[in-house]
Every structure is written in structure tokens, then in C-alpha cells.
Amino acid sequence: MLSDADFLRYSRQLMLPLCGESGIQRLRQARVALVGLGGLGSLVAPYLAAAGVGTLRLFDHDSISLSNLPRQWLYQETDVQMPKVAVMARQLKTIHAGLKVDATAARVSADNIHHLLSDIDLIIDCSDNMATRQLLNRHAFIAEVPLVTGAAIGMQAQGMAFHSAHCGTEYNAGCYHCLYPITELAAGSCQTDGVLGPVVGMAGCYQATLALRILLQDPAMQWSQLWRFDLASGHQQIIQITQDTACPVCAGHTSAFS
Amino acid sequence: MFIYINQHAIACGSDDTLAKVIRAYCDDHQLHFDEVAVAHNDSLVPRSQWAQQRIVAEQRFSLFSAVAGG
């Protein structure tokens, strides 16, 4: 049951046919894991908290640095050198006091992923490296949990969502590894190539939207579609990520990746 | 014959594979061959197909690099 305060608070979401009263209940019961609290995660987390998601499990091993502030503006100058998860948990509670936040200052790895990401309804990849992205993709596929991935560099933003239940040749849909079958990048990090705050923010907003649509069980959800946005030219493209029949993750092949 | 990658006309031989053309394009544009993805008609062409796939005149491809920043 929603209270009068809930009806008031979520009135704009309730108006949407996608949401309604049952949607608010779904969000409240949802348990979401968010890996990485940089430019992407520091936007996605407050959007989900504000929208009424019940439980957020946050992971980041890093501390806030001065170079984070131009794009990770939920962190303040007085937070520099503080653990990101601790500051984010504190901030999220000011947005929504009823939110349950589990904050873990650790790097998600092959050794701990099954423990850290158990009993989760959705994984959101806001990490900053290819190895973690591949690890999360593999785990999400095996655990049959939907995955929302986003990334940004320079003036380029990307976002996409995957679900093992909607993956395969019958759906013409693959996984993250089908798109990028690599475990590291020679270049292409914010540290090496730079990024504008609003560009990574655009990718984060797209991820938050995908996440809410998944949690609200949007029947029009498009899985395995890459959204690319070049904010320098304004050019956007949607690409269907077809399954690579040689993919070691979703096509059942074993390879050096496993 | 010509194909188009990101709207650049590329001269190709009739026996060229997609892999060969993409590698040449990456070399010309200082891109890492291992880190790019390619789409045709807004649909991903899986990397495992590149070595076998013969190109057809006037085909248009999108080529873009992986992004991991967050």
C-alpha cells in the first residue's frame, strides 16, 4: 500500500502507464547492485534512490580525488580522499531516508563476485575498465540477472542492456562479449583520453532510464541494443548486438577467456 | 569496387575479406584493430565472421571503438 505521502512524492512517475501504483511497489522491492561510483555511478545511484528503488548495493574501492569533481558533482570539495561508497551512501540517505544502502569499499573480482552479487534483481555496470565489464557480463549471464552497461570517453557515450533470457540466435541478440571480445583496452579511459562531465552524465542518465524500465518490467524493453551518441556531432545510432556464435559467454563456447 | 566505412569510400578487391578491409582502415586511422566493432545495416557483424565474410560492392559499414570509461 502506498501512503498519501508516497502518492504525492511519486505523483509524476505514477502518471506514467509504465509505472502506476504497482510500479512504485516494484521499485521499492527491487535490489540493485551498482558497480563503480565514478562519473556514471554517481549519477545513476541518486536517480534510482530518488525514484524509489528500495535497496542499492554499492561497490567501489576508490577514494574521491580532486580530478573527480568536475563530473562527479555529488561529491564535494570537503569529501576529497574520503571513500566513494561512504560518501555516496550518506548522500543517498539525504535523498531518500527509507533507502536501504549496502556500501562495500572493495573491487569486484572473480574471487568475490558470486558472494557480493548474490540475491540481486539487476546489475548496473558503471565501472571504468574492460576486465570488470567482462566479469560482470559473464556473471550476469550465468546468474540470469539483467545487466545495464554504460561507458563514456571524450565526446562519446554508449549504453546498453542485456538479459540471458533474451539472448541467442532466436532473438538475434548477443551479450557484451559479442560486442567487445576483449579484456583490456590499449587506450580509451577517462584517465588517458579525457571526458567532459555532461558526456559521461548522458551515458549515466541512459543507464538509469534503462534500469528503471527493466525494474518496471517495460514490455517494450529492447535488449542487446547498443546506443551510441557522439555529443560533438549530435549523431546517434542504435545497433542490434547480434550473437557471435563463437562467443564463450553466451554461445556456450570455451576459450582462453574462460 | 568500393565499400564505405563511416562514409569513407574504400577501394577493395573482389576477394577481400571484411577482416582485411577493417585492418587496413584501422591502420589508416590509427585505430586499434582488436578494439573496434563493426555494424552493417545497424546490426553488429560478429568479429568471428570477419575472416570469412566477403565484401560486396557498395556495402556500408559503421566502425567504432570500444569505450570503457566511467
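Just to check, using Stokes-Einstein with a Kirkwood Rh over alpha carbon pairs, what's the diffusion coefficient of the range A:62-176 at 25 °C and 0.890 mPa s in µm²/s? Can you show the working numbers first?
Details: Rh = 16.1 Å.
Reported coefficient: 152 µm²/s.
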* Just which residues of the range A:176-215 lose 50 Å² or more accessible area with every protein chain there, against their chain alone, with the probe set to 1.4 Å? -> A:180, A:185
* Using the heavy atoms of the protein chains and a 1.4 angstrom probe, tell me the accessible area per residue for the protein assembly as shown in square angstrom. => 45 Å²
* Structure fact -> Phi angles of the range A:210-221, converted by Karplus (6.51 cos²θ - 1.76 cosθ + 1.60, θ = phi - 60°) into ³J(HN,Hα) in whole Hz with x for Gly and Pro, give 4, 4, 5, 4, 5, 5, 8, 6, 4, x, 8, 4
* Exposure ranking of B:18, A:66, A:135 by accessible area [1.4 Å probe, largest first] -> A:66, A:135, B:18
* Within straight-line cross-link reach of residue A:84, aspartates and glutamates at Cα separation under 13 Å, skipping those fewer than 8 residues along the same chain -> A:60, A:62, A:102
* To do: Quote the charge dipole size of the range B:2-65 about the Cα centre in Debye, to the nearest 20; the model charges only the Cβ of Lys and Arg (+1) and of Asp and Glu (-1).
  => 120 debye
* Find the sum over both chains of the accessible area lost when A and B are paired, probe 1.4 Å, and report it in Å² to the nearest 100. => 2100 Å²
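With all protein chains present, how much of the accessible area of chain A (probe radius 1.4 Å) comes from carbon and sulfur, to the nearest whole percent?
Working: 6120 of 11350 Å².
Percent of accessible area from carbon and sulfur atoms in chain A: 54.
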* Viscosity 1.567 mPa s, temperature 4 °C, Stokes-Einstein D of the protein assembly as shown from Kirkwood C-alpha radius, µm²/s -> 63 µm²/s
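For the range B:2-65, which whole percent of the accessible surface, found with a 1.4 angstrom probe, sits on carbon and sulfur atoms? If you can, show how the numbers build up before the last one.
Numbers: 1570 of 3430 Å².
Answer for the range B:2-65 is 46 percent, counting heavy atoms of protein chains only.
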* Structure fact -> Reported to the nearest 10 Å², residue B:17 has, with a 1.4 Å probe, an accessible area equal to 30 Å²
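At 222 nm, what value in deg cm²/dmol follows for chain A if DSSP H runs of at least 4 each add -39500 (n - 2.57) and the sum is divided by all its residues, to the nearest 500?
Values: 10 runs with 88 residues, N = 258.
That calculation yields -9500 deg cm²/dmol at 222 nm.
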* Asked: Over the heavy atoms of residue A:93, what accessible area does a 1.4 Å probe trace out, to the nearest 10 Å²?
  -> 90 Å²
* Treating each Cα of the range B:2-65 as an identical point scatterer and ignoring solvent, apply the Debye formula and state log10 I(q)/I(0) at q = 0.15, 0.22, 0.23, 0.29 Å⁻¹. => -0.38, -0.88, -0.97, -1.66
* **Nonlocal amide H pairs with residue B:43, under 5 Å, H built at 1.01 Å** => A:240
* **chain A: relative contact order in percent, alpha carbon pairs under 8 Å with at least 6 residues between** => 19 percent
* Structure fact -> Checking rank on A:144-152, A:204-212, with mean other Cβ inside 10 Å and highest first, the result is A:144-152, A:204-212
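Taking beta carbons within 10 Å but only from partner chains, what does the mean come to for residues A:238-248?
Details: counts 2, 10, 5, 5, 6, 2, 6, 3, 4, 3, 0.
Mean partner shielding for this stretch: 4.
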* Asked: Given the protein chains as shown and a 1.4 Å probe, how many square angstrom of residue A:141 are accessible, to the nearest 10?
  -> 50 Å²
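Could you tell me what percent of the DSSP beta bridges with both partners in chain A are antiparallel, to the nearest 5?
Numbers: 18 of 36 bridges.
Bridges in chain A are about 50 percent antiparallel.
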* Peptide B:39-52, shielding by other chains (average Cβ, 10 Å cutoff) -> 5
* By a straight-distance test (C-alpha under 20 Å), which aspartates and glutamates pair with residue B:20 as possible cross-link partners, with residues fewer than eight away in the same chain excluded? -> A:244, B:28, B:34, B:35, B:58
* To do: From largest accessible area down, sort A:60, A:102, A:119; use a 1.4 Å probe on the protein chains.
  => A:119, A:102, A:60
* Asked: Anyone know which of A:109, A:127, A:42 comes out most mobile in the 10 Å Cα GNM of chain A?
  -> A:109
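The values are calculated or read from the model by the stated rules, or taken from the named source; none is laboratory data. None of these values were measured; they are calculated from a predicted model. Every residue, glycine as well, gets a Cβ built from its backbone with ideal geometry; the counts of neighbours run over all protein chains shown. When the accessible area is computed, the model is the full protein with side chains, heavy atoms only, and any ligands, DNA or RNA have been set aside. Shrake-Rupley method; radii C 1.70, N 1.55, O 1.52, S 1.80 Å.
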